[in-house]
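Written below as structure tokens is the structure these notes are about.
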Amino acid sequence: MLSLLDLESGIWVTLRSGEQVLVRRFRRTDGEALYRFFQQGLSPESQRLYSSQPLDRSLVNIVVSETDAPDVMRLVALKGDQVVGYAYWREQLFKARMPLLSIAVADSHQGLGLGRLLMELLIETARQKGMEGMELHVFKHNLRAINLYLKLGFEIVGETDYGRQWIMALRFKPEEQ
Ligand SMILES: CC(C)(COP(=O)(O)OP(=O)(O)OC[C@H]1O[C@@H](n2cnc3c(N)ncnc32)[C@H](O)[C@@H]1OP(=O)(O)O)[C@@H](O)C(=O)NCCC(=O)NCCS
């Protein structure tokens with residue numbers, strides 16, 4: 001079973017291409033690499049699908065400032081010093097045990113199994129931290145992401161963002177919590 005400690009130093013995973021990437025918890029020193037990932041790793045379309053917030057330095061500064069926050073779990077997938085995947089969950093103010101998940105994979109590394117892998121790792125960390133499940137928001141036209149979430153057991157539970165996005169949820173079974 002995955003130990004949260006393993007993610008501090010990182011685990012090597014093999015993608016469908018045969019390439020190996022290191023997945024570990026986000027560190028304070030990853031800020032610049034995360035900024036490059038947002039700006040250069042994600043195409044404009046991937047940026048739009050990922051976030052309606054500008055992916056700028058002030059966002060990265062917030063992420064860095066939250067590095068040790070207990071209510072957030074952030075993972076990066078690294079190829080050398082380049083971030084090729086980024087995913088996190090954060091506890092929600094009014095649903096503390098159902099954290100909100102967010103994920104993006106660099107265009108160069110999409111379709112290779114990395115998104116699924118990052119999701120599985122995040123789900124496992126949430127279980128180990130005693131969460132009841134997870135939620136996420138996804139644009140209704142983002143069929144690739146929706147397919148992935150359905151395969152992992154998420155269900156559509158509502159809509160948000162003036163009807164543009166689905167709210168999807170995965171509830172852990174009691175024995176899995
Ligand atoms: C959505 C995203 C995270 C998926 O990550 P990924 O690494 O590309 O996905 P994976 O290779 O792990 O594929 C997982 C599943 O996605 C689906 N998928 C992958 N490529 C697909 C494609 N071209 N078309 C449709 N579905 C696809 C499949 O269901 C696949 O299942 P499988 O593993 O059984 O084949 C990634 O494409 C991405 O970052 N996109 C841009 C930003 C974004 O949309 N973020 C999510 C916001 S809610």
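Read-outs: derived from the displayed coordinates by stated rules, not from any lab. On a predicted model such as this, the values are computed, not experimentally measured, just so you know. Positions of Cβ are backbone-derived with ideal geometry, glycine not excepted, and every protein chain shown enters the neighbour counts.
Comparing 69, 141, 131 along the charge dipole axis of the chain, the residue lying farthest to the positive side is 141, per the Cβ-charge model. Applying the criteria of a DSSP loop state and at most 13 other Cβ atoms within 10 Å to the chymotrypsin sites (Phe, Trp or Tyr not before Pro) of region 58-147 yields 94.
Sorted on the mean count of surrounding Cβ atoms within 10 Å across their residues, most packed first, peptides 20-27, 68-75, 5-12, 103-110 read 103-110, 20-27, 68-75, 5-12.
Lysine pairs in the chain whose alpha-carbon atoms fall under 22 angstrom of each other, counting only those eight or more residues apart or on distinct chains, come to 5.
Scoring 150-159, 28-37 by mean Cβ neighbours within 10 Å over their residues and listing the highest first yields 28-37, 150-159. A Cβ-based charge dipole, computed about the Cα centre of region 4-131 with Lys and Arg at +1 and Asp and Glu at -1, lands at about 220 debye. Once you reduce region 1-53 and region 67-128 to the center of their Cα atoms, the two points are 8 Å from each other.
Taking a ≥ b ≥ c as the square roots of the eigenvalues of the alpha carbon gyration tensor, the chain is rounded, as a/c is under 1.5.
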